[in-house]
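Chemist: Pasting in a structure now, in structure tokens, and then I'll have a few things to ask.
Every number in this text was worked out from the coordinates using simple rules, so none of it is lab data. Predicted model, so just to flag it, every value in this text is computed and none were measured. Note: ideal-geometry Cβ built from the backbone for every residue, glycine included; neighbour counts use all protein chains shown.
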Amino acid sequence: MNRIFVVDDERPVVECVSMMVEQDLATEFAVVGAAASGREAVERVAGTSPDIVLMDVNMPGITGLEAVRELRERGCGAAFVLMTAYERFDVAREAVDLGIVGYLLKPVTREELGRTLRSAAAFLERLRVLEEREMEHRESEERLRRFVESSFLAGLMLGASGPEQAAALAELGIAGGWAAVVATSFTRSGAEAEGKPQGSTLENYLQFRTMLRFRTRSFIGPLSADIAPVLVAGRDEMATRSRLDELLVAIGRDFGAELERGYLAIAAGAPCPVEEAGRSWAEALAGLAKLGGSGTPGPIGRAEGEWPFEDDEAFLAAVRESAPARASLALERILARLERLDAVPGPELGRVTALLGAAVRFQARRSAIDVGEAESLMDSTGMCGILSGKAFALVARSRLARIAASMASSPPYSPPVARAMAWIGSNFRKGLGLEACADAVGISPGRLSRSFAEETGKGFTELLIDRRIELARELLSKPDWTIKEVSASCGYPDPNYFARLFKKATGMTPSAYGSGLGRESLAQGSHMTGGDLRDDAED
């Protein structure tokens, strides 16, 4: 039911309107108050909270329009309907500016009163629906902003870069500015040691997040491995430093006890252009590791055969082949046990850092990572002090993401190996060896051999054989070529030796492959042993 307030300096008008509402419209409307002047209306309307105000235009002192304007300024959201004995254009024009929703001519009739009040009620209902939609829209925008904020910072934690991160910066309105990142670590260990009923790590994080969002100008990311990033942004370095100081003061003021007792640890990275915020995050993580790195990680026993080193080979092979997804999968298998144990065993820490270091060196040789970035990624200071397996895994993933970003644009091989591979492609039919290849490339045979092993996983001889077997398969597919001719064309004067190499590489003899049976078997993915086929060495 809509509440009505009537304002008129003529008492009979007020009584007449009240009577008509009570007699004809009681199921929809109720008169909750009345005033005899504009000033009285301003004083009394707020106390009755009406939905609709019927306001006389001409009254002594404050006019009806002046009263409406004053009530609007005081935040009154009622629908106003003017009552007047004359139709005046100037009044109507001002009424439109004030958002008047209806107009009643005196004397007021029952029909016009009912129609005008229902029209005002419908207006209020439409307004309520619009306000609800506006509220939903704002809530949706806020949820979207929180999602973008969380996604950007989650990507920052993992070293992500690219158009998605750039789009998030634009959505957050901080693209082109500066930023600094604070790494925050939450723990219950101190509270548990003191026997105090502290909340869970998640509860502590949520309390911290609420404080930051309502009392600081910062963005806080998701909690991962008990660590969360907090980002402050400004238009330039000075503004960012100022906001970083404000943030640290707020944390110290509201969480000083937690910081002192070790339930919360924080470390800040230096301000930098916001597009390079990953650098500030890496500095913050390194600082956090130093804060928590007073102890020494103890060794954790493992069963014989656990953590097969095939994962290491798979990781390095993926790096060599510029396959970041496969590299990430291999590293995840290695990190899985660390996260389960939630502690960093000494040998495995060295194992992961060595793998990441090898990947950095490989990308640096390809010129896919500049010297400064390579030095930053090779610095293990920020990793060796971490006692939590989950936190260590987070840092390792972050570094791999930075390495993986370089794989997309990196060439398949370093310049010397690329030249050597081209040389093999042109000279594999000749009886030339590693020394001739190294001389053509302009480096020592030993260095070339090591480069082949690191970048391809194979030695010079294996690569030469692969290229020759590739040609042999092509020639054996042609009906007019004999085994002897194929062998000679591939650089093997001895057909028997060629047959043995071909069988070792493909699992079948050259004659079987040339007959079509071998090609069909390879296409179907079947494996045939040497006992199934006639050995061409006996031909």
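Chemist: Sorted from fewest to most neighbouring beta carbons within 10 Å, what does the list 4, 100, 469, 220 look like?
Modeler: The order, fewest Cβ neighbours first, is 469, 100, 220, 4.
Chemist: Using a Förster distance of 25 angstrom, determine the FRET efficiency expected from the C-beta separation of residue 24 and residue 85, and round it to 0.05.
Modeler: So the FRET efficiency works out to roughly 0.65.
Chemist: To continue, here is another question. Mind listing the long-range amide H neighbours of residue 177? Cut-off is under 5 Å, sequence gap 5 or more, other chains count too, H placed in the peptide plane at 1.01 Å from N.
Modeler: The list, which skips near neighbours in sequence, is 274.
Chemist: Starting from the Cα-Cα distance between residue 11 and residue 72, subtract it from 0.36 nm times their residue separation and give me the gain in nm to one decimal.
Modeler: The span from residue 11 to residue 72 would gain 19.5 nm if fully extended.
Chemist: Quick one: which residues, 5 or more positions from residue 83 or on another chain, have an amide H under 5 Å from its amide H? H modelled 1.01 Å from N in the peptide plane, none for Pro or chain starts.
Modeler: Answer set, sorted by chain and number: 55, 56, 57, 104.
Chemist: Please give, to one decimal in nm, the separation of the simple spin-label points placed at residue 140 and residue 115, each 7 Å out from Cα toward the Cβ.
Modeler: Each label point lies 7 Å from its Cα, and together they span 3.7 nm.
Chemist: Using the Cα atoms of the range 352-500, I'd like the radius of gyration and the largest Cα-Cα distance, Dmax, both in angstrom.
Modeler: When restricted to Cα atoms, the range 352-500 yields Rg and Dmax of 20.9, 68 Å.
Chemist: Under a Cβ-Cβ cut-off of 11 Å, what is the net charge of the residues other than residue 246 that fall near it, where Lys and Arg count +1 and Asp and Glu count -1?
Modeler: Here the charged neighbours net out to +4.
Chemist: Mind sorting 513, 497 by how few other Cβ atoms lie within 10 Å of their own Cβ, fewest first?
Modeler: Going from sparsest to densest Cβ surroundings: 497, 513.
Chemist: Would you mind calculating the gained length between residue 3 and residue 505 on full extension (0.36 nm times residue separation, minus the Cα-Cα distance), in nm to one decimal?
Modeler: Here the answer is 171.5 nm.
Chemist: Based on the mean of other Cβ atoms within 10 Å per residue, sort peptides 396-405, 39-48 so the most packed one is first.
Modeler: By packing density, highest mean first, the sequence is 396-405, 39-48.
Chemist: Would you mind computing, in nm to one decimal, how far apart the modelled labels at residue 250 and residue 128 are, each placed 7 Å from Cα along Cα→Cβ?
Modeler: Placing both labels 7 Å beyond Cα along the Cβ direction yields 3.7 nm.
Chemist: How far apart, in nm, are the 7 Å Cα→Cβ label points at residue 270 and residue 351?
Modeler: That separation, rounded to one decimal, is 3.6 nm.
Chemist: So how much slack lies between residue 478 and residue 426, counting 0.36 nm per residue of separation and subtracting their Cα-Cα distance, in nm?
Modeler: Going from the current span to full extension adds 16.5 nm.
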